[in-house]
Amino acid sequence: MQITIIGAGAIGGTVGAFLTQAGHDVTVVDIVREHVEQINQHGLRISGVRGDQHYPLRAVHTDDLAGTLHNVILAVKGHFTRDVVTQVIAPRLAEDGYVVSLQNGLNEDTIADVIGPERTIGAFVHFGADYLDPGHVQLGQDQDIFLGELDGSRTDRVEELQQALSAVMPTHITHEIYSYLWGKLVYGSMAFAVSTVDAPVPEILEDERARQICLAACRETALVGQALGHDLKPIGAFESSQFLPDRDDATSLAALDRFRAEMAASIKQHMGIWRDLRIKKRATEVDVQCGEVVRYAADAGIDVPVNQAIVRTIHEIEDDARDMNWSNLDTLLSAIPRK
């Protein structure tokens with residue numbers, strides 16, 4: 001299968017390497033020239049749960065991308081989605097071509113707005129990976145992939161893609177892809193909340209302030225997803241449905257504790273958001289995750305003050321107006337409405 005992957009970072013690079021290893025004709029495209037050069041000269045180094053080795057992979061810089069695109073995997077940061085689809089993909093995409101999003105957030109809607117829903121495939125991906133240096137990513141954990149047409153139908157192209165991606169991770173077809181995406185938005189509310197602190201996630205989730213913040217933020221997001229008619233699928237060990245309004249505090253907090261225990265046993269101790277803020281000093285995807293929750297909540301007439309506070313706090317950290325420290329938990333805690 002011929003596949004073009006736009007974005008060769010943690011997700012795109014890993015997927016591209018394993019697809020190439022399985023015999024597929026893969027080209028990864030990235031905007032970081034040093035990363036492209038390292039991949040072409042040495043292969044992509046993937047360390048982590050599957051060992052440490054270099055995988056042969058063909059890479060090109062975005063400026064050098066030529067020809068017609070047919071089967072496209074999009075793996076750039078969510079806040080670049082519209083620009084990349086509009087400027088890089090749309091002018092080159094074949095009439096019968098498609099784009100599948102292996103991203104965080106609700107990028108499927110943005111992609112469909114540019115190229116049409118008939119050329120857009122939804123996907124849920126949650127294997128833990130980090131871009132460490134040019135030519136090097138770390139795979140922290142394996143996790144199943146779910147694919148689905150936006151209208152829930154089962155098509156030949158999704159079946160072909162499912163067979164290909166099964167060489168990367170166990171891959172399944174679903175008729176309710178938005179239930180997975182909203183389940184991950186619930187997870188995202190927790191992930192952004194804990195990423196306001198410069199400490200390992202398991203340590204943060206032992207703090208009662210963090211537990212109450214995550215409880216409130218995840219409940220807000222679960223309520224919005226439920227109001228839109230979506231079930232909430234689990235995100236690995238994170239049981240998003242346990243934060244629905246009909247669950248009591250003990251049930252929801254027990255689910256949070258189970259997630260904390262699993263992450264404590266993982267080699268991945270921080271969220272990718274933490275890496276964006278602490279190591280890379282760059283913008284996060286907060287607007288296409290918690291920000292989307294806020295937007296959909298406003299349309300549905302639902303108050304989500306904790307998610308709003310998370311968005312503000314993350315932006316302040318991005319702008320160097322706030323440090324990443326434990327006092328941020330007090331700021332977020334104050335956003336929880338008093339009962």
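The values are calculated or read from the model by the stated rules, or taken from the named source; none is laboratory data. What you are looking at is a predicted structure, and each value in this text was computed from that prediction instead of being measured. Note that we place each Cβ from the backbone using ideal geometry, even for glycine, and neighbour counts take in every protein chain shown.
Hey, does region 6-17 have a residue that's part of a strand (DSSP E or B) and closer than 12 Å to ILE73 by Cβ? Even if it seems obvious, please write down each step before you answer.
First, pick out the residues of region 6-17 that are part of a strand (DSSP E or B): 6.
Applying the additional criterion that residues be closer than 12 Å to ILE73 by Cβ yields 6.
Yes, region 6-17 has at least one match.
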Would it be correct to say that VAL49 is over 22 Å from SER101 (Cβ atoms) and aliphatic (A, V, I, L, M)?
yes
If you go through region 325-339 one residue at a time, do you hit one that is surrounded by fewer than 13 Cβ atoms within 10 Å (Cβ to Cβ) and among the basic types (Lys, Arg)?
yes
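For every residue, the table says whether it meets (1) in the same structural domain as GLU239 (by TED's automatic domain parsing); (2) assigned to a helix (DSSP H, G or I); (3) closer than 19 Å to MET271 by Cα; (4) not charged (D, E, K, R).
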residue	(1), (2), (3), (4)
GLU159	no, yes, no, no
GLN163	no, yes, no, yes
ALA167	no, no, no, yes
SER189	yes, yes, yes, yes
ALA193	yes, yes, yes, yes
ALA199	yes, no, yes, yes
PRO202	yes, yes, yes, yes
ALA210	yes, yes, yes, yes
Could you identify the single residue in THR86, THR27, THR14, THR68 that is polar (S, T, N, Q), at pLDDT 95 or above, surrounded by 24 or more Cβ atoms within 10 Å (Cβ to Cβ) and assigned by TED's automatic domain parsing to the domain that holds GLU118?
THR14
Which numbered condition ALA261 fails, given (1) touching a His at 6+ places or on another chain (Cβ under 8 Å); (2) farther than 22 Å from GLU292 by Cα
(1)
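One line per residue, one yes/no per condition, for (1) touching a residue at least 40 places away in the same chain (Cβ under 8 Å); (2) assigned to a helix (DSSP H, G or I):
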position	(1), (2)
ASP246	no, no
LEU253	yes, yes
ARG260	yes, yes
ARG275	yes, yes
ALA283	yes, no
ARG295	no, yes
ALA298	no, yes
